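See below for the structure under consideration.
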Amino acid sequence: MERASIIGLDLAKQVFQVHGMSRDGRKAFSRKLERAELHAFFKKQKACIVAMEATSGSHFWGREIEKLGHTPRLIHAQYVKPFVKRQKSDALDAEAIAVAAAQAGMRFVPIKSTEQQAIITLMRARTLFIRQRTSSINALRGLLGEFGFVVPSRTTNIVKLAQLLDAEEKRVPEPARTVLRDVYQHVEAVNRRIAHMERLINEQIKLDTAIQRLMTIPGVGKITAATICASVGDPKLFKSARHFSSWLGITPRSFSSGGKQIFGRISKRGNAEIRKLLVLGAFPVVSAARRNGSPQPWIQSLVQRKPYKVAAVAVANKTARIAWALLAKGGEYQSNGRGLDRDPL
C-alpha cells in the first residue's frame, strides 16, 4: 500500500471509509474500516494529515488521531461538497474530503477540547429542557383552555393554572384532572433540571476568567459568554473582529461585481446559537437607548434611523466584535455611559 500524505476519513457510527492521497495527488488507497479497526489502522500509518468533515464525533476522533502522531484537519461540510464527484457514496465522500484538505487556503475548524465540549453539552442540555418546558406549558394551557381556564402566557403563570385546577375540581372530570396534574408535575421536574444546569454553569463561570470578562459587555450574560468561550476556542484563529462576526453570520451578504458593492441581509451562517443569543442580548440595549438615550452616538443614531430589530442586529454585530477583541487581546469592557441593561441570558 502506497504511503499517503493526506487521508480523507468519512466518519460514521460503525463503518468508516478512508481515502489515501499521495503527495502528488494520486490515489494511494481506498478502503472500508470497522470502528474497532480504526485505531490500529492509523497506528500503522506514518505521520500524515487526516482530514474529516466537522460533524458529530469529529472532535473526538480528531483528538484520538492526534494522539497517534497525525495532524487532524476538520473541514466544514459546505467546503467539501464541491469536490464530490457526481453521485453520493462513502468512497466518493472520503475522496472529496482528501481533495478539499489539499487545497491551498482551505479553512479548517479548530478541534475542541473535552472541557469545551463539556460546557457546550451543558448549554445544549439546558436548551433541550427549556424547549421541553415550553412545549409542556403550551400543552397544559391548551388542554385547560378546553375547560375554560385561561391565564396570561408567561412561564411564571403555570402555578396559577395548577391553583385553578385544584380550586375548580368540579369543572374538570377526574381522568382529565389526573392527566393534567401529571403534565404539571413534568413541568416542575423540568424546571428543577434547568435550575440544576444553571448551577453547573455558574460553577464553570467561577473557574473561567474569560467568561467573566465577556460578561462585562452590555447585552452579554452568563449563558452567552459561556457559549462563546466554549465554541470559539482560540480567538486568534480569526484575523480580525470582522472575520469573527462574519463567521457568526451577523454581517450582510455581499453581492459585489464590476467595482460595485451591494450588501443584502445578514448571511445567517456559522454558529446559530451564539448569533441568537447575541441578538436577544441586543434587544434590551436598544430598548434602553430608545427610552433613556445612549451616551454612545452611534447607538443613538442607529435607533433613530433604523427599525427596532434591524438596530438590534447591528448592536449584536458590534457586541460580537467587542467579544472577539476581549478574547484575543485581553482586558475588560469599559463603558462610559449609563442606561445600558445587561441581558439576563
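The values are calculated or read from the model by the stated rules, or taken from the named source; none is laboratory data. In this text, all values refer to a predicted model and were calculated from it rather than measured experimentally. Methodologically, a virtual Cβ is constructed for each residue, glycine included, from the backbone with ideal geometry; neighbour enumeration extends over all protein chains shown. Ligands, DNA and RNA are excluded from the accessible area calculation, which covers all protein heavy atoms including side chains. Shrake-Rupley method; radii C 1.70, N 1.55, O 1.52, S 1.80 Å.
Figures for the structure shown
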item	result
Meets criteria (hydroxyl-bearing (Ser, Thr, Tyr) and open to solvent by 20 Å² or more (accessible area, probe 1.4 Å)) for Thr227	no
Helices (runs of 4 or more DSSP H) contained entirely in the stretch 240-339, each with at least 2 residues that are under 15 Å from Leu214 (Cβ atoms)	241-247, 272-292, 308-329
Subset of the stretch 1-20 [in contact (Cβ under 8 Å) with a residue 60 or more places away in the chain and over 19 Å from Leu68 (Cα atoms)]	Ala12, Val15
Residue satisfying all of: in the stretch 213-230; of a type outside the set (A, V, I, L, M, F, W, C) and out of contact with any Lys or Arg (no Cβ under 8 Å at 6 or more places or on another chain); nearest to Ala312 (Cα to Cα) among these	Thr224
Some residue of the stretch 127-147 being within 30 Å of Glu64 (Cα to Cα) and at pLDDT 90 or above	yes
Neighbours by Cβ (under 7 Å, 6+ apart or cross-chain): first from the stretch 125-144, touching a residue at least 60 places away in the same chain (Cβ under 8 Å); second open to solvent by 50 Å² or more (accessible area, probe 1.4 Å) and aliphatic (A, V, I, L, M)	none
Checking Val286 against (1) among the hydrophobic types (A, V, I, L, M, F, W, C); (2) open to solvent by less than 20 Å² (accessible area, probe 1.4 Å); (3) touching a residue at least 60 places away in the same chain (Cβ under 8 Å), the condition it does not meet	(3)
Residues satisfying the stated conditions in the stretch 196-221, i.e. open to solvent by 40 Å² or more (accessible area, probe 1.4 Å), part of a helix (DSSP H, G or I) and either free of Cβ contacts under 8 Å to residues at least 24 places away in the same chain or in contact with a Cys (Cβ under 6 Å, 6 or more places away or on another chain) (or both)	His196, Arg199, Asn202, Glu203, Lys206, Leu207, Thr209, Gln212
Hits in the stretch 156-179 (condition: open to solvent by less than 70 Å² (accessible area, probe 1.4 Å) and under 22 Å from Met197 (Cβ atoms))	Ile158, Val159
Qualifying residue in the stretch 184-196 (condition: farther than 22 Å from Ile119 by Cα and either modelled with pLDDT under 90 or of a type in the set (Ser, Thr, Tyr) (or both))	yes
Among residues of the stretch 130-155, those that are of a type in the set (Val, Ile, Thr), within 18 Å of Glu188 (Cβ to Cβ) and surrounded by fewer than 14 Cβ atoms within 10 Å (Cβ to Cβ), counted	2
Condition check for Thr251: hydroxyl-bearing (Ser, Thr, Tyr), within 18 Å of the chain's Cα centre (by Cα) and more than 17 Å from Ile120 (Cβ to Cβ)	yes
